[in-house]
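Trainee: Handing you this structure, nothing more for now.
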Amino acid sequence: MDSDQDRAPHKDNRTEKNRVVIFDTTLRDGEQCPGATMTFEEKLEVAELLDEMGVDVIEAGFPIASQGDFESVQEIARRAKNAVICGLSRAQFKDIDRCAEAIKAAPRGRIHTFIGTSPLHRKYQMGIEREKVLELVTASVTRARSYTDDVEWSAMDATRTEKDFLCACVEAAIKAGATTVNIPDTVGYATPEEFAALMRMVLERVPNSDKAVFSTHCHNDLGLAVANSLAGLGAGARQVECAINGLGERAGNAALEEIVMAIKTRGDVMPFWTGIDTTLLTRASKLVARVTAFPVQYNKAIVGRNAFAHESGIHQDGVLKHAETFEIMTPESVGLKESSLVMGKHSGRHAFREKLKDLGYELGDNALEDAFVRFKALADRKKHIYDEDIEALVDQEIASAHDRIKVVALTVIAGTGGPQKATITLDVDGRHHTHESTGDGPVDAIFKAIKAIVPHEARLPLYQVQAVTEGTDAQAEVSVRLEADGKTVTGRGSDTDTLVASARAYVSALNKLLARDARRKPETMLAS
């Protein structure tokens, strides 16, 4: 059986004709996923890794949406080294002008403008006729082209648009100067056969289709986003719009890691190639999971915890004899390293630093020292330290580095014989505040105590606990989702004590709520 490296197109056959442009929309469509909002610093961290791993186009945000979005796109553009930095805009001049300003500093910038083309979108979303849509297509692309030579145009809800009208819109966009044309399955409605036929039809019927690169942007409402994207490539598209971990609106987007590894592993039936360094896929997945507080499902393809795990005796026997009996790609090809028990309470700073590098972390001296102190404390409580334990510990340290509210101490009284009581001390901008509350269970008491110190009206739609590793001494990883003023944020916390992890997760989410408005001072919210 051929390995994934053997199946990929030989380097001598890697031409621009069969090269697939990877367009990542984690920072734009991915961040629109409810609860996945990232801070300014987190967006920069994700963008830096996407650039490093070889993503061709980074859709950094929707500049007109907010001042924060504009500033993050602008800073990502300033820091870009290799990737094209793209901003999204509606078919409105104010959107396009704002987008152009945001990407101006990028060595290579792209404006991505879109408009709904389906009957449903024309009638109910915009209330305009076909003629007006065509007029806006030409006007928006022309405006965008006045700022940059790299303009992408998208037909929102293309898969439910009349074929003749879709072709007319595509032709108009290319004539106005669009260099990339996106045919999105915006609502995840198409099947692979339908999507391939649609892409092929547009390429064949639009007379100037050879003047642009065609792109896919498939949503996963029916679980077909990756399949549809690959079908689009087979029909002639050469750009795929996708997101790390499949993050995105509703059921998400096509998962970047699945697209890239499908192409790399099955080069025999998909003679394409990408510029992605696949050994960074696992690192990227973990980073996005951390900053969005959206855990990756265990059986997720490529980057899930069980993606290279074998429990069946037959499978284990086969893998031990020859890995390719049950593994179609190597764990190393996606940057996965086997968990080990090497680290312990006798490990020093140098070994700890090297372990972090091995796991894909680069920490400054102060952050390293803080993480090392927490590692030593964990080692005193846990018999075995797994790589996953260290990752959870460091992720917690990184996530809370800029937090203005931190958990200092927690004492909980729980059980069947009396009231559930929690006493918590929080550090709020350098000042310690302590409060004691009772509640319907220890977690409820903890959250009430936090709310008493920092009053707020946020609702708690999600509280979730999962173990980081095995055993009764495993670290608990808690996810807390808070919702306020129509906005949703998610915080995560980890500790061998589930209640401590719960407090950290709640405070993490609360910090994200406060960070949305830099002018809002936690001190002014403190209870008297």
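Trainee: I'd like the full set of residues that are modelled with pLDDT under 75 and surrounded by 14 or more Cβ atoms within 10 Å (Cβ to Cβ), limited to region 295-324.
Mentor: Correct list: Arg305, Phe308, His310, His315, Gly318, Val319, Ala323, Glu324.
Trainee: Now for a different question. Quick one: what pairs do we get from region 354-380, first residue more than 22 Å from His402 (Cβ to Cβ), second of a type in the set (A, V, I, L, M, F, W, C), C-beta under 7 Å, 6+ apart or different chains?
Mentor: Matching pairs, first to second residue: Lys355/Met343; Lys355/Ile390; Leu378/Ile385; Leu378/Leu393; Ala379/Ile385.
Trainee: Is it fair to say Val73 is free of Cβ contacts under 8 Å to residues at least 60 places away in the same chain, in the same structural domain as Ala254 (by TED's automatic domain parsing) and of a type outside the set (Ser, Thr, Tyr)?
Mentor: yes
Trainee: Return the pair list, or none, for Cβ contacts closer than 8 Å from residues in region 473-492 that are without any contact (Cβ under 8 Å) to a residue 24 or more places away in the chain to residues that are crowded, with 20+ Cβ neighbours inside 10 Å and among the small types (Gly, Ala, Ser), at least 6 apart or on different chains.
Mentor: Once the first residue is without any contact (Cβ under 8 Å) to a residue 24 or more places away in the chain and sits in region 473-492, no partner that is crowded, with 20+ Cβ neighbours inside 10 Å and among the small types (Gly, Ala, Ser) comes close enough.
Trainee: Hey, another quick one. Which of the residues belonging to region 461-485 are within 24 Å of His402 (Cβ to Cβ) and in a loop (DSSP other than H, G, I, E, B)?
Mentor: Val468, Gln475, Asp485
Trainee: Among (1) more than 13 Å from Leu499 (Cα to Cα); (2) exposed (fewer than 14 other Cβ atoms within 10 Å of the Cβ), where does Lys448 come up short?
Mentor: (2)
Trainee: To continue, here is another question. Can you report the number of residues in region 275-297 which are among the hydrophobic types (A, V, I, L, M, F, W, C) and within 22 Å of Val465 (Cα to Cα)?
Mentor: Qualifying residue count, region 275-297: 7.
Trainee: Looking at this structure, is Val373 within 23 Å of Val291 (Cα to Cα), more than 29 Å from the chain's Cα centre (by Cα) and either part of a helix (DSSP H, G or I) or not assigned by TED's automatic domain parsing to the domain that holds Gly493 (or both)?
Mentor: yes
Trainee: Can you name every one of the strands (runs of 3 or more DSSP E) wholly within region 1-102 that holds 1 or more residues which are within 17 Å of Asn245 (Cα to Cα) and modelled with pLDDT of 95 or more?
Mentor: Details: elements: 21-24, 57-61, 84-90.
Once the strands (runs of 3 or more DSSP E) in region 1-102 are filtered for at least 1 residues that are within 17 Å of Asn245 (Cα to Cα) and modelled with pLDDT of 95 or more, what remains is 21-24, 57-61.
Trainee: While we're looking at this one, here's another question. From the list Phe70, Phe23, Phe40, which residue is of a type outside the set (D, E, K, R), buried (at least 23 other Cβ atoms within 10 Å of the Cβ) and out of contact with any Phe, Trp or Tyr (no Cβ under 8 Å at 6 or more places or on another chain)?
Mentor: Phe23
Trainee: If you go through region 128-135 one residue at a time, do you hit one that is assigned by TED's automatic domain parsing to the domain that holds Phe214, of a type outside the set (S, T, N, Q) and either within 31 Å of the chain's Cα centre (by Cα) or under 13 Å from Thr216 (Cα atoms) (or both)?
Mentor: No; the residues of region 128-135 include none that is assigned by TED's automatic domain parsing to the domain that holds Phe214, of a type outside the set (S, T, N, Q) and either within 31 Å of the chain's Cα centre (by Cα) or under 13 Å from Thr216 (Cα atoms) (or both).
Trainee: Can you confirm whether region 119-141 contains a residue that is in contact with a strand residue (DSSP E or B) (Cβ under 8 Å, 6 or more places away or on another chain), in a helix (DSSP H, G or I) and surrounded by fewer than 18 Cβ atoms within 10 Å (Cβ to Cβ)?
Mentor: The answer is yes; a qualifying residue exists.
Trainee: Determine which member of the set Leu393, Leu426, Leu410, Leu460 is modelled with pLDDT of 85 or more and touching a Phe, Trp or Tyr at 6+ places or on another chain (Cβ under 8 Å).
Mentor: Working: Leu393 fails: modelled with pLDDT of 85 or more; Leu426 fails: touching a Phe, Trp or Tyr at 6+ places or on another chain (Cβ under 8 Å); Leu410 fails: touching a Phe, Trp or Tyr at 6+ places or on another chain (Cβ under 8 Å).
Only one candidate qualifies: Leu460.
Trainee: Hey, another quick one. Filter region 162-183 down to the residues that are over 12 Å from Val137 (Cα atoms), in contact with a strand residue (DSSP E or B) (Cβ under 6 Å, 6 or more places away or on another chain) and not β-branched (Val, Ile, Thr) and list them by number.
Mentor: Asn182
The values are calculated or read from the model by the stated rules, or taken from the named source; none is laboratory data. In this text, all values refer to a predicted model and were calculated from it rather than measured experimentally. Neighbour counts run over all protein chains shown; Cβ positions are idealised from the backbone, glycine included.
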